[in-house]
Amino acid sequence: MKDLNVIENVIYGWEQIVLPSVPAIWMHPNAPRPLVPYVALHMKTINSKGVDVFLLDTNEVVGNRDFVLMIQAFGLGSMGFLESLKTSLEKPSIQLYLSQNDLVFVDRLSINDISEVVDSRWEERSQMDLLMRFAQVDSDDPGTIEHVDIEKDFFAPDLNTITVEHIVI
């Protein structure tokens, strides 16, 4: 099973490659907020894509997982930060970094200005969702069939003659 901490580290690394001077945090309940500007990351959903496949030769169950990565940028230039992250996903070097770490960028949505008054002060803030994908690989040992004992009655076309077959494999 894919460790979600590994995925978080890959995404954090991508943000630091693109925006090295902008701190990033994961939106966990106990995460402290740094001073602005900063970027906040959150995996909103993880969904199975299609049907998982069992690979008999390796005893692995493999399936695609999509997830929505919500990115919010806080502080002056927040829309520019998100635009830099969005356009970086078209760079071969970033695509290589993500794929080498078993993560694929699928689609992006628009960047939205969600600035508001927070604690009686204006706070510039922007938000963007990205659709990402990874392969989930689990192992399974279904066991092997060691013995099969089959007994079958066969009827002739006249329905009177019966042949009994006993097969052991």
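Here are LEU55, LEU35: which of them is open to solvent by less than 70 Å² (accessible area, probe 1.4 Å) and either acidic (Asp, Glu) or over 18 Å from ILE11 (Cβ atoms) (or both)?
Going through LEU55, LEU35 in turn, just one is open to solvent by less than 70 Å² (accessible area, probe 1.4 Å) and either acidic (Asp, Glu) or over 18 Å from ILE11 (Cβ atoms) (or both): LEU55.
If you go through the range 10-34 one residue at a time, how many are under 20 Å from the mean Cα position of the chain (by Cα) and not in a helix (DSSP H, G or I)?
Number of matching residues: 5.
Looking at the range 65-87, can you tell me whether even one residue there is loosely packed, with under 12 Cβ neighbours inside 10 Å, free of Cβ contacts under 8 Å to residues at least 40 places away in the same chain and either over 19 Å from VAL10 (Cβ atoms) or not hydrophobic (A, V, I, L, M, F, W, C) (or both)?
There is no residue in the range 65-87 that is loosely packed, with under 12 Cβ neighbours inside 10 Å, free of Cβ contacts under 8 Å to residues at least 40 places away in the same chain and either over 19 Å from VAL10 (Cβ atoms) or not hydrophobic (A, V, I, L, M, F, W, C) (or both).
Here is a list: ASP153, ASP149, ASP129. Which entry is under 14 Å from the mean Cα position of the chain (by Cα) and of a type outside the set (Lys, Arg)?
The conditions single out ASP129.
If you check GLY50 against the conditions, is it at pLDDT 90 or above and at positive phi?
Spelling it out, it is not the case that GLY50 is at pLDDT 90 or above and at positive phi.
Restricting attention to the range 50-91, which residues are farther than 26 Å from ASN112 by Cα, out of contact with any Leu (no Cβ under 9 Å at 6 or more places or on another chain) and not hydroxyl-bearing (Ser, Thr, Tyr)?
GLY50, VAL51, ASP52, VAL53, PHE54, LEU55, LEU56, ASP57, ASN59, GLU60, GLY63, ASN64
The values are calculated or read from the model by the stated rules, or taken from the named source; none is laboratory data. In this text, all values refer to a predicted model and were calculated from it rather than measured experimentally. Note that we place each Cβ from the backbone using ideal geometry, even for glycine, and neighbour counts take in every protein chain shown. These accessible areas exclude ligands, DNA and RNA; they are computed on the full protein's heavy atoms, side chains included. Shrake-Rupley method; radii C 1.70, N 1.55, O 1.52, S 1.80 Å.
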